[in-house]
Amino acid sequence: METEQIDAPRPILSGPIESRDFPDWFRDQQREAWKQFQALPAPTRKDQLWRFSNVNLLDLTPFKSEATLSDKDRDAILEQSRGLDEVAARVIFAGDQLIERSVVSEQLKKRGVIFQPLERAMVEHADVFRKHFMSQPAVLGSAKFAALHQALVSSGTFLYVPRGVEIELPIEIFHWLHGENASVFPHLLLVADELAKVTVIESFRSLDRHAAGFACGVNDLIAGPGAKVTYVCAQTWGEKVRALQMNTTTVDHDASAMSLNLHLGARYSRFESLSRLIGEGGRSDLLAVSVADGDQEFDARTLQDHLSPHTASDLLYKNALDGRARCTFGGLIRVEPHAHFTDAYQKVRNLLLSDDSEANSMPGLEILADNVKCSHGATSGQVDEDELFYLLSRGITVNVAQRLIVTGFLNEVIQRLDQPAIAAHLHQLIEEKFS
């Protein structure tokens, strides 16, 4: 077990904490990122990449670094940080503080698997870290917030899987917000070398479901030649949290990467996913499920960027909206010049459970090569009255009938994982949302 102390709470808009014990090169990067954050303009709804978004919710003035964790809160977090029964390793963060880490097996360590906090990786594995850490620009609208993340990030997870190594059980990561107006900057740097195979499930939670908070996370996912990477996000932030998550996946030749993002919590949650297919034969699957109610707002922006020929991508996003909830999707399939024989799909389906819910979808194509097969589509609709009547006629209440219909609607996405233990866990989180 490893523990670290964090500084007293301070406004996040006061800049990087100079007392952090980081290498000089990383500290210089943070200072430069802070200058970039200050220089870039705040987003407005006039920006195409922020169209339909409620940017007024992104006032960062109230938010500060998290307070020191009390023993009581620490025990509560440890007790609740259980998702899967069997994992290869688990790490738990409360804000910037690492509160528990179970290491990978001796067998995996002997084969070269590295699983450690970012602050150790940037010292002990500086070459790999510097090559891949936030190496891709934030091109989907949140460059300002990516700069803020880079300026303030101080903890997270580094996972390196060497050539030909398969980690059979999932790696589990927890990030917790605690305290009123606390902030957190989660980071995952995952590098799967040639022919490696790994699954990671990352959970984002609030200790106090009613406390306001701010989360600004970044993931760098690298699938080397022939590697297979599966990434699952289970986002259940508290009801007053503002959250942004920026994920970049790089897929080399004959590699595959699948990401599934489950969004249930937060007042406002924006998720950006950039998938770059840089080698022939690469494949990327982008999956997402959102269940929103009340005044929740979910905002997803994606780019399936095909840079090499004979690559494939498939996006399937499904949203269920109740109350006055809103969701926005803006996605682009881009086929670069010479990326011939690309096979790319994009499908978004919205299920509206109330007259006041709203879904805005903006799929798009940009094709700069020949001999490609690309399609996109988006639909929105309400619960089928015949389905509902069928269930009601068998004595099922309206609420239960709606829940069954929604669960069936969303299940198509979760089944794509082909991992029963993780699928069961995600279904349980959805059930808890309904209850």
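With respect to the conditions (1) on the phi > 0 side of the Ramachandran plot; (2) touching a Cys at 6+ places or on another chain (Cβ under 8 Å), HIS338 falls short on a single one, namely (2). Being under 26 Å from ARG242 (Cβ atoms), of a type outside the set (Phe, Trp, Tyr) and at pLDDT 95 or above holds for only one residue in ALA67, ALA39, ALA88, and it is ALA39.
Being of a type in the set (A, V, I, L, M) and open to solvent by 20 Å² or more (accessible area, probe 1.4 Å) holds for only one residue in ALA67, ALA33, and it is ALA67. Annotation note: Cβ proximity below 8 Å between a residue of the range 214-234 that is outside any strand (DSSP E or B) and a residue that is polar (S, T, N, Q) (sequence gap 6+ or interchain) occurs for ALA227/SER256. How many of the residues making up the range 398-435 are among the hydrophobic types (A, V, I, L, M, F, W, C), closer than 21 Å to GLN80 by Cα and in contact (Cβ under 8 Å) with a residue 12 or more places away in the chain? Of the residues in that region, 6 qualify.
The residue of the range 354-377 that is nearest to VAL398 (Cα to Cα), among those that are part of a loop (DSSP other than H, G, I, E, B) and open to solvent by less than 30 Å² (accessible area, probe 1.4 Å), is SER354.
When we screen ALA227, ALA211, ALA196 for residues that are open to solvent by less than 20 Å² (accessible area, probe 1.4 Å), aliphatic (A, V, I, L, M), more than 23 Å from GLU66 (Cβ to Cβ) and in contact with a Gly (Cβ under 8 Å, 6 or more places away or on another chain), the only hit is ALA196.
Taking the conditions exactly as written (among the hydrophobic types (A, V, I, L, M, F, W, C), open to solvent by 50 Å² or more (accessible area, probe 1.4 Å), without any contact (Cβ under 8 Å) to a residue 60 or more places away in the chain and farther than 22 Å from PRO309 by Cα), does PHE389 satisfy them or not? So PHE389 fits the description; yes.
The requirement of being among the hydroxyl-bearing types (Ser, Thr, Tyr), in contact with a helix residue (DSSP H, G or I) (Cβ under 7 Å, 6 or more places away or on another chain), closer than 18 Å to GLU66 by Cα and part of a loop (DSSP other than H, G, I, E, B) is satisfied by SER155. ARG416 - would you say it is basic (Lys, Arg) and either under 30 Å from ILE167 (Cα atoms) or open to solvent by less than 50 Å² (accessible area, probe 1.4 Å) (or both)? Yes; evaluated as a whole, the condition is true for this residue.
Taking the range 316-370 only, how many residues are of a type in the set (Asp, Glu) and over 30 Å from GLN382 (Cα atoms)? Count: 4. Checking each residue in the range 154-176 for being open to solvent by less than 40 Å² (accessible area, probe 1.4 Å), touching a strand residue (DSSP E or B) at 6+ places or on another chain (Cβ under 8 Å) and not hydrophobic (A, V, I, L, M, F, W, C) picks out SER155, GLY156, THR157, PRO170, GLU172, HIS175. Looking only at residues in the range 132-153 that are touching a strand residue (DSSP E or B) at 6+ places or on another chain (Cβ under 9 Å) and open to solvent by less than 20 Å² (accessible area, probe 1.4 Å), which one is nearest to ARG20 (Cα to Cα)? Filtering first and then ranking leaves VAL153.
The set of residues in the range 160-190 being assigned to a strand (DSSP E or B) and under 16 Å from the mean Cα position of the chain (by Cα) consists of ILE171, GLU172, ILE173, PHE174, HIS175, TRP176, LEU177, VAL184, HIS187, LEU188, LEU189, LEU190. Of note, LEU286 does not satisfy the criterion of being surrounded by 24 or more Cβ atoms within 10 Å (Cβ to Cβ) and within 22 Å of GLU239 (Cα to Cα). Listed conditions (1) open to solvent by 40 Å² or more (accessible area, probe 1.4 Å); (2) in contact (Cβ under 8 Å) with a residue 60 or more places away in the chain are all met by THR311, apart from (1). If the condition is being within 18 Å of the chain's Cα centre (by Cα) and over 15 Å from VAL218 (Cβ atoms), then the range 247-268 contributes VAL251, SER256, ALA257, MET258, LEU260, LEU262, HIS263, LEU264, GLY265, ALA266, ARG267, TYR268. Cβ-Cβ contacts under 7 Å between residues 6 or more apart (or on different chains), taken from a first residue in the range 38-63 that is at positive phi and without any contact (Cβ under 8 Å) to a residue 40 or more places away in the chain to a second residue that is of a type in the set (D, E, K, R) and open to solvent by less than 80 Å² (accessible area, probe 1.4 Å), are absent. Is it the case that some residue within the range 330-351 is among the basic types (Lys, Arg), open to solvent by 30 Å² or more (accessible area, probe 1.4 Å) and closer than 20 Å to LEU410 by Cα? Taking every residue of the range 330-351 in turn, at least one turns out to be among the basic types (Lys, Arg), open to solvent by 30 Å² or more (accessible area, probe 1.4 Å) and closer than 20 Å to LEU410 by Cα.
Could you please let me know if ASP96 is open to solvent by 30 Å² or more (accessible area, probe 1.4 Å) and not polar (S, T, N, Q)? In short, no.
The values are calculated or read from the model by the stated rules, or taken from the named source; none is laboratory data. Being a predicted model, the structure only gives us computed values, none of them experimental. Positions of Cβ are backbone-derived with ideal geometry, glycine not excepted, and every protein chain shown enters the neighbour counts. In case anyone asks, the SASA skips ligands and DNA or RNA and just uses the protein heavy atoms, side chains included. Shrake-Rupley method; radii C 1.70, N 1.55, O 1.52, S 1.80 Å.
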